[in-house]
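The values are calculated or read from the model by the stated rules, or taken from the named source; none is laboratory data. In this text, all values refer to a predicted model and were calculated from it rather than measured experimentally. A quick note on method: Cβ atoms are made from the backbone with ideal geometry, for glycine too, and the neighbour counts reach across all protein chains shown. What goes into the accessible areas is simple: the full protein's heavy atoms, side chains included, and nothing from ligands, DNA or RNA. Shrake-Rupley method; radii C 1.70, N 1.55, O 1.52, S 1.80 Å.
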Amino acid sequence: MANPVFSNTKQFQPGSPVGFGAQPQPTGVEGFDDRMTYEGTIAKAASLFLLAATSAVLVGMLIPELTLPISFAAFGMSLVVAFGTRHEPKPALMAVTIALFGGAAGGMSVYYEAEYGGIIMQALIATAIVFASALTAYRMGWIRGSKKIRKFLAIAVPAYVAFSLVNVAMVMFGGFNMREVEIGGLGVNLGLILSLFAIAIGALMLISDFDFVETGVIKGLPAKWEWSAAYGLVFAIIWIYIEMLRLLSYLRR
């Protein structure tokens, strides 16, 4: 589950190994001129990323106090996307979900920046480095999407999200923050370890997403599936950015 959209969509199941950038093959599903391309996927990913960035700025500047409800709304919408776009991509639904995730990231950023000046820029740079590293590793063939990676993500992603939601609920009702538990003998909080783990998950999500994008292009799928591919990539980037904020906050204490 690099992204729930891909995991539940049979059109994105990987075929035989191919080199990155290989030429697409027509499938006969739709016209050959209306097929999925790298350029089209990048353009749609850029539009969703811009939407997320705009939402982040607006929420961060105007309504940061609504970060928590926006975060829960984003999670709920992600489930709708995961189970509601398996057979047909829904660009509007995906755009709303990405806007909510962007808003949540923007609201979180405000609070982290107030506590640790300059952390937003640091998190952005670190996220860009992770993205570039994942893309380089994929293009060089050092690591490819595989069934083992997809199975790991299918367990790790929902497990981590469930832990995060339970932790937030505990804090809201006066319980202790499990992320603040200090690991005996190491002198570090559990949150730091979890953030490192989550960033690794995000990097694997990107690797798997690249593989899904390539598979879609090689199979010559209809261009409409570019929206699903773009959604997966932007989702992973936002995931990594949020976890970078958390990780850097622990490192700067």
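Computed values, structure above
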quantity: Pairs with Cβ under 7 Å, 6+ apart, first in the range 121-139 and farther than 11 Å from residue 241 by Cβ and assigned to a helix (DSSP H, G or I), second among the charged types (D, E, K, R) and open to solvent by 20 Å² or more (accessible area, probe 1.4 Å); calculated: 138/144
quantity: Qualifying positions in the range 179-201 - assigned to a helix (DSSP H, G or I) and open to solvent by 40 Å² or more (accessible area, probe 1.4 Å); calculated: 180, 190, 193, 196, 197, 200
quantity: Residue within the range 101-110 that is modelled with pLDDT under 95 and open to solvent by less than 30 Å² (accessible area, probe 1.4 Å) present; calculated: no
quantity: Tally, over the range 31-87, of residues that are part of a loop (DSSP other than H, G, I, E, B), farther than 16 Å from residue 97 by Cβ and touching a residue at least 60 places away in the same chain (Cβ under 8 Å); calculated: 3
quantity: Flag if residue 170 is at pLDDT below 90 and either open to solvent by less than 10 Å² (accessible area, probe 1.4 Å) or in a helix (DSSP H, G or I) (or both); calculated: yes
quantity: Any chance residue 159 is surrounded by 14 or more Cβ atoms within 10 Å (Cβ to Cβ) and within 21 Å of residue 234 (Cα to Cα); calculated: no
quantity: Test: residue 149 is among the hydrophobic types (A, V, I, L, M, F, W, C), modelled with pLDDT under 90 and out of contact with any Gly (no Cβ under 9 Å at 6 or more places or on another chain); calculated: yes
quantity: Restricting the range 64-83 to residues that are buried (at least 17 other Cβ atoms within 10 Å of the Cβ) and of a type outside the set (A, V, I, L, M, F, W, C), the residue that is nearest to the chain's Cα centre (by Cα); calculated: 78
quantity: Verdict on residue 154 being aliphatic (A, V, I, L, M) and modelled with pLDDT of 90 or more; calculated: no
quantity: Matching residues, the range 111-127, being under 17 Å from the mean Cα position of the chain (by Cα) and either open to solvent by less than 60 Å² (accessible area, probe 1.4 Å) or basic (Lys, Arg) (or both); calculated: 123, 126, 127
quantity: Filter result for residue 233 (open to solvent by 20 Å² or more (accessible area, probe 1.4 Å), at pLDDT 90 or above and over 23 Å from residue 51 (Cβ atoms)); calculated: no
